[in-house]
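Worksheet for the structure shown next.
The values are calculated or read from the model by the stated rules, or taken from the named source; none is laboratory data. Everything quoted here is computed from the prediction, not taken from an experiment. Virtual Cβ from ideal backbone geometry, glycine too; neighbours counted across all protein chains shown.
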Amino acid sequence: MSGEDRKKRRKTRVPVGRFERLARMGWMAGEFAVGGLADGAKRLAGAKSLDPSSVFLSGLRAEKLATHLSHMRGAAMKLGQMLSLEGDDLLPPEFANAMSVLRAGADTMPATQVRRALGRAYGKGWETRFREFDFEPMAAASIGQVHEAVTADGREIALKIQYPGVAQSIDSDLNNLAGLLRMTRILPVDLDISEILAEAKRQLRQEADYQLEAKHLERYRDLVADEAGLFVPRVYHDLTTKRVLAMERVHGRPIDDLRGAEYPQEIRDAVGEQLQQLLFRELFEFRFMQTDPNFANYLFDPDSGRLALLDFGSVREFPEEFVANYRHLVRSVIDGDRDGVRQAALDIGYLSGKESASSTSALVDLAILGAEPLRQQGLYDFGESRLAARARDAGFDLVIREGFMRAPPPETIFLHRKVAGTFLLCVHLRARVDTHSMVLAKL
């Protein structure tokens, strides 16, 4: 991102403290209630019938909620991101679309809050640690933002600074936002998301501990040391605290740039192959996965052809039994073995065994459809794929027509995020990859 683009980012103060964040959530709820009643009155004046729950589901309401969550940052914004990835399985289409903007980035902290955060991390006179420090962040996400700096001894670093109050407000943010979504009937009242909330809290507590992220980064750096096409930056422990993470500064081009005419198809294919290969290694070989495939978490170096991996706040370690069950699922969908898919879905927890025959069959159909890139022999052209829209429609039919209301197993939430995100990265790059042969080698 250029300096001019950075300056265009919206700067807003991060709400600090549980009381202030609760007040913001209450204000959001009040705005939704008033806005929903006003919409309802307008519709009653011009419509013969009105679904009382629909008054909250307008696109405008969704966009306002996304804006509020971007201002709040922290766990509230993260839950919005997570729910958006589940798409029409959990949220009405208007809200799934609006929440998707949260994955693009957050508002940034003003310089005054950045200074206070560094003062809390390093103490008085923190400025002496740096020869240069850019107060315009390189990137901003739900938990923190990243700044360029040069240390007093000349090291070029990327400094990730956590938003104040985020770690202390995880439980209250998530509980309050879930309550708001239920109150406004954005989430179905009879859908049990308690396990999703518990998993989100676990994941966010992990993400808020930057010393733990530093350990994950070093572990991942060792795991991919044999991959010449991948690069993971080193950690600088002397500048890393629980709320500030110091890493080697990585230079490269945003992965978005690869769509440009100056990059040939061969490079896009090679990067897509790296992304898909990494996904399968993480699940079936490492059993340790970076679960946030955001575009901003990758940089491409045109000179070396290497792909840099930048963020390890969101990781997941999978038990051997889970991986064995998922291997069985993948093997079965590739073979078109419907009984095998059904049994693997039961073992993983996608099915409880109490569903109707038609619901079970529809879920099996959806699993086989979603595995299209794995089932197709030879190169799969992600750029020409319409799988995302077809899978979305099939998922919507499963919920609406079949009344399937089972929330996804908590172990799969972040796995889904990685699988779907990697697919969308390859679509965006218009990459062509032989995923069939690649995954067969891991089964």
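Name the one entry in D238, D226, D292, D269 that is within 25 Å of E411 (Cβ to Cβ) and out of contact with any His (no Cβ under 9 Å at 6 or more places or on another chain). Walk me through how you get there before you give the answer.
Working: D238 fails: within 25 Å of E411 (Cβ to Cβ); D226 fails: within 25 Å of E411 (Cβ to Cβ); D269 fails: within 25 Å of E411 (Cβ to Cβ).
One residue alone meets the criteria, D292.
Scan the stretch 405-417 and give yes if some residue there is closer than 28 Å to E262 by Cβ, at pLDDT below 95 and out of contact with any Ser or Thr (no Cβ under 6 Å at 6 or more places or on another chain), otherwise no. If you could, list the steps in order and put the result at the bottom.
At the first step, the residues of the stretch 405-417 found to be closer than 28 Å to E262 by Cβ are none.
The answer is no; no qualifying residue exists.
Just need a number here: residues in the stretch 310-332 that are among the aliphatic types (A, V, I, L, M), touching a Lys or Arg at 6+ places or on another chain (Cβ under 9 Å) and not in a helix (DSSP H, G or I).
Quick first cut of the stretch 310-332, residues among the aliphatic types (A, V, I, L, M) only: 310, 315, 323-324, 329-330.
Okay, now just the ones that are also touching a Lys or Arg at 6+ places or on another chain (Cβ under 9 Å), so 315, 323, 330.
Of the ones still in play, those that are also not in a helix (DSSP H, G or I) are 315.
Going through the stretch 310-332 one residue at a time, the tally reaches 1.
Only one residue in P302, P293, P319 is in the same structural domain as L424 (by TED's automatic domain parsing), in contact (Cβ under 8 Å) with a residue 24 or more places away in the chain, in contact with a helix residue (DSSP H, G or I) (Cβ under 9 Å, 6 or more places away or on another chain) and within 25 Å of R155 (Cβ to Cβ). Which one?
Numbers: P293 fails: within 25 Å of R155 (Cβ to Cβ); P319 fails: within 25 Å of R155 (Cβ to Cβ).
Checking each option against the conditions leaves just P302.
Conditions (1) acidic (D, E); (2) touching a helix residue (DSSP H, G or I) at 6+ places or on another chain (Cβ under 8 Å); (3) within 22 Å of F280 (Cβ to Cβ), marked per residue:
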| residue | (1), (2), (3) |
| --- | --- |
| R331 | no, yes, yes |
| A345 | no, yes, yes |
| T360 | no, yes, no |
| D365 | yes, yes, no |
| A391 | no, yes, yes |
| F396 | no, yes, no |
| V399 | no, yes, no |
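Just wondering, is there one or more residues in the stretch 255-276 that are over 20 Å from L429 (Cβ atoms) and surrounded by fewer than 19 Cβ atoms within 10 Å (Cβ to Cβ)? Break it down stepwise before answering.
In the first step, residues of the stretch 255-276 are kept if they are over 20 Å from L429 (Cβ atoms); the result is none.
No - not one qualifying residue is present in the stretch 255-276.
I need a count of the residues in the stretch 330-362 that are free of Cβ contacts under 8 Å to residues at least 24 places away in the same chain and closer than 29 Å to Q377 by Cα. Outline the logic, then answer.
We begin by selecting, within the stretch 330-362, every residue free of Cβ contacts under 8 Å to residues at least 24 places away in the same chain; these are 332, 335, 337, 339-340, 342-347, 353-354, 357, 360-361.
Filter again for closer than 29 Å to Q377 by Cα, leaving 332, 335, 337, 339-340, 342-347, 360-361.
Result for the stretch 330-362: 13.
If I filter the stretch 295-305 down to residues being of a type outside the set (D, E) and surrounded by fewer than 19 Cβ atoms within 10 Å (Cβ to Cβ), which single residue comes out as nearest to the chain's Cα centre (by Cα)?
Start the filter on the stretch 295-305 by keeping residues that are of a type outside the set (D, E), which leaves 295-300, 302, 304-305.
Restricting the remaining residues to those that are surrounded by fewer than 19 Cβ atoms within 10 Å (Cβ to Cβ) gives 295, 302, 304-305.
Working: F295: 10, P302: 26, S304: 28, G305: 25 Å.
Step by step, filter the stretch 295-305, then rank; the result is F295.
Of all residues being of a type in the set (A, V, I, L, M, F, W, C) and in contact (Cβ under 8 Å) with a residue 60 or more places away in the chain in the stretch 399-423, which is farthest from E321 (Cα to Cα)? Just the residue, please. It would help to see each step written out before you state the result.
Restricting attention to the stretch 399-423, the residues satisfying the condition of being of a type in the set (A, V, I, L, M, F, W, C) are 399-400, 404-405, 407, 413-415, 419-420, 423.
Cutting the leftovers down to in contact (Cβ under 8 Å) with a residue 60 or more places away in the chain gives us 399, 405, 407, 413-415, 419-420.
Details: V399: 28, M405: 25, A407: 21, I413: 17, F414: 17, L415: 15, V419: 19, A420: 22 Å.
Across the stretch 399-423, the extreme among qualifying residues is V399.
Looking at the stretch 214-227, I want the residues that are free of Cβ contacts under 8 Å to residues at least 24 places away in the same chain and have a partner that is hydrophobic (A, V, I, L, M, F, W, C) and buried (at least 17 other Cβ atoms within 10 Å of the Cβ) with Cβ atoms under 7 Å, at least 6 apart or on another chain. Which pairs are those?
Final answer for the pair search is E218/V235; R221/V232.
Any residue at all in the stretch 232-252 that's among the aromatic types (F, W, Y) and at pLDDT below 95?
No; the residues of the stretch 232-252 include none that is among the aromatic types (F, W, Y) and at pLDDT below 95.
Might you let me know whether the stretch 109-124 holds any residue that is outside any helix (DSSP H, G or I), outside the structural domain of R392 (by TED's automatic domain parsing), surrounded by fewer than 21 Cβ atoms within 10 Å (Cβ to Cβ) and modelled with pLDDT of 90 or more?
yes
Restricting the stretch 410-443 to residues that are among the basic types (K, R) and either surrounded by fewer than 18 Cβ atoms within 10 Å (Cβ to Cβ) or not assigned by TED's automatic domain parsing to the domain that holds F322 (or both), which is nearest to the chain's Cα centre (by Cα)?
Checking each candidate, the answer is R430.
What helices (runs of 4 or more DSSP H) completely inside the stretch 356-405 contain at least 2 residues that are under 22 Å from the mean Cα position of the chain (by Cα) and surrounded by fewer than 14 Cβ atoms within 10 Å (Cβ to Cβ)?
Numbers: elements: 357-370, 372-375, 387-400.
In the stretch 356-405, the matching helices (runs of 4 or more DSSP H) lie at 387-400.
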